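Structure first, then comments.
The values are calculated or read from the model by the stated rules, or taken from the named source; none is laboratory data. Not measured: the values here are computed from a predicted model. For neighbour counting, all protein chains shown are included, and Cβ atoms are generated from backbone atoms with ideal geometry for every residue, glycine included.
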Protein chains: 2
Amino acid sequence: MTEASAQGAGPGVFGVVDVGGTKIVAGLASATGILRTERLSTHALRGPDDIVDRIARALTGLSSAPDLAPMSAVGLSVPGPLDRRSGVVHFTPNLLWQHYPVADRLSQRLGGIPVLIDDDANCAALGEAWQGTGQGFAHLVCLTIGTGIGGAIIIDGTLVHGHQDLAGEIGHMVIVPDGPPCACGHSGCLEAVASGAAIGRLGAALLTQNESPALARLAETRAGQVDADLVFQAAAGNDAACQAVLGKAAEHLGAAVASLIQVLNPQAVVLGGGVMSKQNAAWLIPAIQANMNRHLFEVQRGAVQILRGELGDAAGLWGALQLVAPLARDVLPTGVLG
Amino acid sequence: MTEASAQGAGPGVFGVVDVGGTKIVAGLASATGILRTERLSTHALRGPDDIVDRIARALTGLSSAPDLAPMSAVGLSVPGPLDRRSGVVHFTPNLLWQHYPVADRLSQRLGGIPVLIDDDANCAALGEAWQGTGQGFAHLVCLTIGTGIGGAIIIDGTLVHGHQDLAGEIGHMVIVPDGPPCACGHSGCLEAVASGAAIGRLGAALLTQNESPALARLAETRAGQVDADLVFQAAAGNDAACQAVLGKAAEHLGAAVASLIQVLNPQAVVLGGGVMSKQNAAWLIPAIQANMNRHLFEVQRGAVQILRGELGDAAGLWGALQLVAPLARDVLPTGVLG
């Protein structure tokens, strides 16, 4: 126990990591706040061990500052269905992991400190409920609409994990039973018809069919690549075909949100993720609400708020911190606590 | 306190009532078992006050036996969205109640004893979880498939009510967004495409179109009236049109159950209600499972049981008893407890 670490960032210093399909944010945090962060590219094709190595190096680098107590645990937000107890990710379509024991592997590279994991949508919900839009709602449903669609459910202030840690897979609710194929291997999932990737795909199809001159012009500046943001831009410029694509996505999201309200009766639904930029949300949330209201009882309609997640990318890090913050007193050596 | 009542059914005697669209079962129970019951016709068109009067008379009659302690509280299972605290039923399409304070009204007619209410699907789930198929599952989803479709969710052993007591409205999940009209006033709800009433309606349409000679023959014995059971009978006799109707219902139920599993990750889904007779269930449950599996991850598929509710009509009464049984020590006069 050196003097330097004792006067460090307080009783607990935690690693917090949010692993995404294209980028990773690694950070250091005290039990109540994020101290510093570093961004890495994911490079999914290099495989999971390579990702874990680079996360370990980043955390080691961040925590080597002389004014910090040693890192005592890591909270890790990862995509994909997983098992919290074993720390194994079952599979992640975007990262190509299969039954990967990410918690053990990262722990091994960090001298054996505890690594606690939860999925990215759960971490984002924990973050929004703790520090963001979800504050003060005991009954909350969260959707993370990005490349895919993740979800999380909070009932009476507690995150619902289900009996295998698989609850909250809102992106794989069945919306169009014989609909388009989904990254999960099935078809007609919400994610397959209303995610950022789905909107991008539908936009690309408009280009192929030459149905949206506005989108074609915007795509020229991006080497012909279409993503959801470009479809939103063209729609904002009054392109009818792009508006129809987004209208259909809002219809599906509205139906899914209505079903969730029928089943769970939450006080609020928080919509976050890359697709929910301030600009996009200004159009998308009212459109989702209008579609949702078509399927709600009068008594439900005024009683649920549909809100945009405020924390953006930071939600996952705050959630990762909430995985480990409760460990502070149990895990840290007494010297650090004193 | 007479000697007779002191040697009665034990410390607590409760009224338990299950109000259905066509019949009502009223009963007396101890904290651990149902002692005697009486059936009434609902006669919905006579209005809610008339129903409450007849329930009160039935309970008074049942409890007037000389060997019983006085009735100390009533647990009441009623259809429709409701508010447990105020004891008001918001609306019930089948009973034509609107903002009806059923708990207060029944309490007034029973000398002011407490009347606790919950909706019929929640009560059925409480019953199945306590005494029936749901025993031993901490994470449970229940569907009651009868004239309508009700639902209930148990997470970590606790019934989920949501913030307005409106959780569990599984029958109003959106399954076919622009589908047929539902009794709730909207369209495309699960109830509108897969309930007993929906199956009966689709059967009647087959008759109108002269598409099912087998069903027509069966309907002759019932003055041309078609209900779900008749469609099941014709399908069991290899009638292709009726098999197609049930196949479609199983497809919708399978999709809804899959969505619920994605969202809640339960250990079991219990299917009860009038449509789930032993005979019907023997065909319907495997068909629902096959459709459901098309939408589940491998890791979910083997880990959830789809089971038939064992208690049938009694589920609601057991659930109603569970509403009041915990009151035993609080409500009963000491003399009775001693």
Of the residues that sit in the range B:268-279 and are more than 14 Å from chain A (Cβ to nearest Cβ) and part of a strand (DSSP E or B), which one is farthest from the chain's Cα centre (by Cα)? B:Val270
From the set of residues in the range A:86-131 that are of a type in the set (D, E, K, R) and crowded, with 24+ Cβ neighbours inside 10 Å, which is farthest from B:Val263 (Cα to Cα)? A:Glu128
If a residue has to be out of contact with any helix residue (DSSP H, G or I) (no Cβ under 6 Å at 6 or more places or on another chain) and under 22 Å from A:Gly196 (Cα atoms) to count, how many in the range A:116-142 make the cut? 5
Taking the range B:188-212 and the residues there that are out of contact with any Pro (no Cβ under 7 Å at 6 or more places or on another chain) and within 14 Å of another protein chain (Cβ to nearest Cβ), the one that is nearest to A:Asn293 (Cα to Cα) would be B:Cys189
Scanning the range A:92-107 residue by residue, those touching a Pro at 6+ places or on another chain (Cβ under 7 Å) and at pLDDT below 95 turn out to be A:Thr92, A:Asn94, A:Leu95, A:Trp97
Could you tell me how many of the residues in the range A:280-309 are more than 25 Å from A:Cys123 (Cβ to Cβ) and in a helix (DSSP H, G or I)? 13
Farther than 30 Å from A:Leu296 by Cα and part of a loop (DSSP other than H, G, I, E, B) - does that describe any residue in the range B:227-238? yes
Counting only residues that are closer than 13 Å to A:Leu271 by Cβ and crowded, with 20+ Cβ neighbours inside 10 Å, how many does the range A:292-305 have? 2
Could you list, in sequence order, all residues of the range A:280-303 that are within 25 Å of the chain's Cα centre (by Cα) and free of Cβ contacts under 8 Å to residues at least 24 places away in the same chain? A:Ala282, A:Ile285, A:Pro286
If we keep only residues of the range A:73-90 that are within 13 Å of another protein chain (Cβ to nearest Cβ) and assigned to a strand (DSSP E or B), then the residue farthest from A:Gly168 (Cα to Cα) is A:Val88
Checking B:Ala250 against (1) under 17 Å from B:Thr147 (Cβ atoms); (2) buried (at least 21 other Cβ atoms within 10 Å of the Cβ), which test does it fail? (1)
In the list A:Ala219, A:Ala255, A:Ala244, A:Ala214, which residue meets the criterion of being part of a helix (DSSP H, G or I), buried (at least 24 other Cβ atoms within 10 Å of the Cβ) and either modelled with pLDDT under 95 or of a type in the set (Gly, Ala, Ser) (or both)? A:Ala255
Check off (1) under 22 Å from B:Gly200 (Cα atoms); (2) free of Cβ contacts under 8 Å to residues at least 60 places away in the same chain; (3) β-branched (Val, Ile, Thr) for B:Ile306 and give me the number that stays unchecked. (1)
Please indicate, with yes or no, whether at least one residue in the range A:307-327 is at pLDDT 95 or above and within 14 Å of another protein chain (Cβ to nearest Cβ). no
Go through the range A:222-232 residue by residue and tally those that are buried (at least 17 other Cβ atoms within 10 Å of the Cβ) and out of contact with any helix residue (DSSP H, G or I) (no Cβ under 6 Å at 6 or more places or on another chain). 1
What single numbered condition from (1) facing chain A (nearest Cβ under 8 Å); (2) surrounded by 24 or more Cβ atoms within 10 Å (Cβ to Cβ) fails to hold for B:Thr144? (1)
Over the range A:292-319, the set of residues within 23 Å of B:Pro93 (Cβ to Cβ) and not hydrophobic (A, V, I, L, M, F, W, C) is A:Asn293, A:Arg294, A:His295, A:Glu298, A:Gln300, A:Arg301, A:Gly302
Given B:Gly188, B:Gly168, which one is in contact with an Asp or Glu (Cβ under 9 Å, 6 or more places away or on another chain) and under 22 Å from A:Gln267 (Cβ atoms)? B:Gly168
If I filter the range A:177-187 down to residues being more than 8 Å from chain B (Cβ to nearest Cβ) and either charged (D, E, K, R) or in contact (Cβ under 8 Å) with a residue 24 or more places away in the chain (or both), which single residue comes out as surrounded by the fewest Cβ atoms within 10 Å (Cβ to Cβ)? A:Asp178
Restrict the check to the range A:213-225 and report whether at least one residue is away from chain B (no Cβ under 14 Å) and of a type in the set (S, T, N, Q). yes
For the subset of the range A:157-176 comprising residues that are without any contact (Cβ under 8 Å) to a residue 60 or more places away in the chain and under 15 Å from A:Arg84 (Cβ atoms), which member is farthest from the other protein chains (Cβ to nearest Cβ)? A:Leu159
Answer with yes or no whether A:Asp239 is farther than 30 Å from B:Val160 by Cα, more than 14 Å from every other protein chain (Cβ to nearest Cβ), among the acidic types (Asp, Glu) and buried (at least 21 other Cβ atoms within 10 Å of the Cβ). yes
Pull out all pairs, ordered by first then second residue, where Cβ-Cβ is under 8 Å, the residues are six or more apart or on different chains, the first lies in the range B:138-151 and is under 11 Å from B:Gly274 (Cβ atoms), and the second is among the hydrophobic types (A, V, I, L, M, F, W, C) and part of a loop (DSSP other than H, G, I, E, B). B:Ile145/B:Val275; B:Ile145/B:Met276; B:Gly146/B:Val275; B:Gly148/B:Ala183
Qualifying residue in the range B:72-84 (condition: within 30 Å of B:Gly162 (Cα to Cα), surrounded by fewer than 19 Cβ atoms within 10 Å (Cβ to Cβ) and of a type in the set (Val, Ile, Thr)): no
In this structure, does B:Ala58 turn out to be aliphatic (A, V, I, L, M) and either surrounded by 16 or more Cβ atoms within 10 Å (Cβ to Cβ) or in contact with an Asp or Glu (Cβ under 7 Å, 6 or more places away or on another chain) (or both)? yes
